[in-house]
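The values are calculated or read from the model by the stated rules, or taken from the named source; none is laboratory data. What you are looking at is a predicted structure, and each value in this text was computed from that prediction instead of being measured. Methodologically, a virtual Cβ is constructed for each residue, glycine included, from the backbone with ideal geometry; neighbour enumeration extends over all protein chains shown. Note: areas computed on protein heavy atoms with side chains; ligands, DNA, RNA excluded. Shrake-Rupley method; radii C 1.70, N 1.55, O 1.52, S 1.80 Å.
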Amino acid sequence: MVPSSTTLASSLALRGIDRRKFLKFCSAMVSTLALPPKYTAQVVKALSNTKRPILVWLQFQDCAGNSESMLRSSHPSVAEVVLDLLSWEYHEIIMAGAGKQAEAVLERVVRENRGKYIAVVEGAIPLADEGVYCTIGGRSAVDIAREVCSGAVATIAVGACAWDGGIVKAHPNPTGAVGLEEAVPGLKVVNLGGCPHNPANTAAVLTHYLTFNDLPALDQYNRPLFAYGRLIHDQCERRAHYDAGRYVQEWGDEGHRKGYCLYKMGCKGPQATYNCPTVRWNDATSWPVKAGHGCISCASHRFWDTRSPFYERLPDVPGFGVDVPISKIGWTLVGAVTGATVVHGVGQVIREKVRPDDTPPVDEAGAARPSSGPRHN
Ligand code: SF4
Ligand code: SF4
């Protein structure tokens, strides 16, 4: 393992990652952070000279999808560079040690580097019955999270489950699962929602931190604005079809083959904010809507409950349509959800409406209002 005292530049050189690839990475990070290109030189300089901070990656009630997402990323070598950007001291999936040996590493890192390391949390945390439904080395997840994250200089919650409890918290939630901020109040957390989160955003948050010695600007959910500040609908390459009233009517029809708008197939893009259309997946080649599937709004708060059914179109109430403030669409959608989801979804919206600062969720009110579109008969 390359020691954390080495700089990123020397670490990359040791791994045989050439300068061109590194510059490409820095340029991509500046673009992901929505910074003007002139910042590239500053990022290059900072990352070249930085001492690699220590990272500990905790996994609790999760499917490991966020670890997979991070480790399988390749554009441009996000995994290569990020793996070198930080000194990964603890991550159950990639570390060689196991069992007591691994736990001893975590204990040592936290003890010796208090206030210096970055913690990443993946997965929900169960609180029912004193947290017995997720224990590691005999300790409950909430105990581990409290100790490790309170000693970190910053904590990043990756994926829907770590952010707001995700599907683990969905009704009936027998383990009392919640997201990190609810399990351990008072932490300094950056939430990277998504199912899974996009690793380019993790890399961008780290790049921002290492370059400017600060975290990027966050919204009321503590999500970085560079990634969660714009409506998917306004970044979508199918938008011209939406505006022209050309829709996929059923899977595999002519409109589907021609790349028409997926609104009628349940696409939630008009009420979802995320940089998915620009950052994309699989070496930045594509994203679900481009591939032919509607957005299910995986980066929205409590999306399993508040954005389902995923294949039902957003309601087009006479006089409302989709050409209305997103907040109204959100309320109407909740009204359309059936069964237990109704109860849970309404409860969720009510909770959101009575947030202490009375601030509606960013992807309902903070997002730009979609421009006028046609009727969807
Ligand atoms: S409804 Fe979905 S597919 Fe259609 S333009 Fe909006 S985001 Fe794109
Ligand atoms: S298209 Fe929507 S649901 Fe799919 S990954 Fe992107 S943001 Fe998530």
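So, R0 is 56 Å and r is the distance between the beta-carbons of ILE167 and LEU14; what FRET efficiency does that work out to, to 0.05?
0.90
How much length is gained on full extension from THR285 to ALA34, taking 0.36 nm per residue of separation minus their Cα-Cα distance? Before the final figure, lay out each step's value.
Numbers: separation 251, 0.36 × 251 = 90.36 nm, distance 1.91 nm.
Working it through step by step, the gained length comes to 88.4 nm.
Reachable lysines from LYS188, Cα under 26 Å, same-chain residues fewer than 8 places away excluded?
Those lysines meeting the cut-off are LYS51, LYS116, LYS169, LYS353.
Taking only protein heavy atoms and a 1.4 Å probe, what accessible area per residue, in Å², does region 8-227 have with all protein chains in place? Numbers along the way, then the final one.
Values: 8880 Å² over 220 residues.
Accessible area per residue: 40 Å².
Take the alpha carbon gyration tensor of region 125-167, find the square roots of its eigenvalues, order them as a ≥ b ≥ c, and report rounded if a/c is under 1.5; if not, report prolate when a/b exceeds b/c, else oblate. Please report the intermediate quantities before stating the final value.
On the way: a/c = 2.43, a/b = 1.14, b/c = 2.13.
Oblate.
Which length gain, in nm to one decimal place, applies between GLU147 and ILE94 when the Cα-Cα distance is subtracted from 0.36 nm times their residue separation?
Gain on stretching GLU147 to ILE94: 16.9 nm.
Around ILE93, with a cut-off of 13 angstrom between Cβ atoms, what is the net charge of the other residues, counting Lys and Arg +1 and Asp and Glu -1? Provide the component values of the computation, followed by the final result.
Working: positive: ARG72; negative: ASP62, GLU68, GLU92, GLU122.
Here the count lands on -3.
For all pairs of alpha-carbon atoms in region 8-227, what percent lies in each bin of width 5 Å, listed from the first bin to the last filled one?
With 5 Å bins starting at 0, P(r) equals 1, 7, 15, 19, 21, 17, 10, 6, 3, 1, 0.
Under 10 °C and 1.306 mPa s, how fast does region 200-299 diffuse according to Stokes-Einstein, given a Kirkwood radius computed over C-alpha pairs? Answer in µm²/s, whole number.
Numbers: Rh = 14.6 Å.
My calculation gives 109 µm²/s for D.
Test of understanding: express the Cα radius of gyration of region 141-220 as a ratio to 2.2 N^0.38 Å, with N the residue count. Walk me through the numbers on the way to the answer.
Values: Rg = 13.2 Å, N = 80, 2.2 N^0.38 = 11.6 Å.
Working it through for region 141-220, the quotient is 1.14.
What FRET efficiency comes out for VAL132 versus GLU250 if R0 is 56 angstrom and r is the Cβ-Cβ distance? Round to the nearest 0.05.
Values: r = 47 Å, r/R0 = 0.84.
The computed FRET efficiency comes out at 0.75.
So which lysines pass the test for LYS258, namely a Cα distance under 26 Å, with those fewer than 8 places away in the same chain ruled out?
Leaving aside lysines fewer than 8 places away in the same chain, those within reach of LYS258 are LYS268, LYS290.
When the Cα centres of region 6-71 and region 266-306 are compared, how far apart do they sit, in Å?
24 Å
State to the nearest 20 debye the size of the charge dipole of region 91-162 about its Cα centre, where the only charges are +1 on K and R beta carbons and -1 on D and E beta carbons. Write out the running numbers ahead of the final one.
Working: 7 positive and 9 negative charges, 61 e Å.
Dipole of region 91-162, to the nearest 20 debye: 300 debye.
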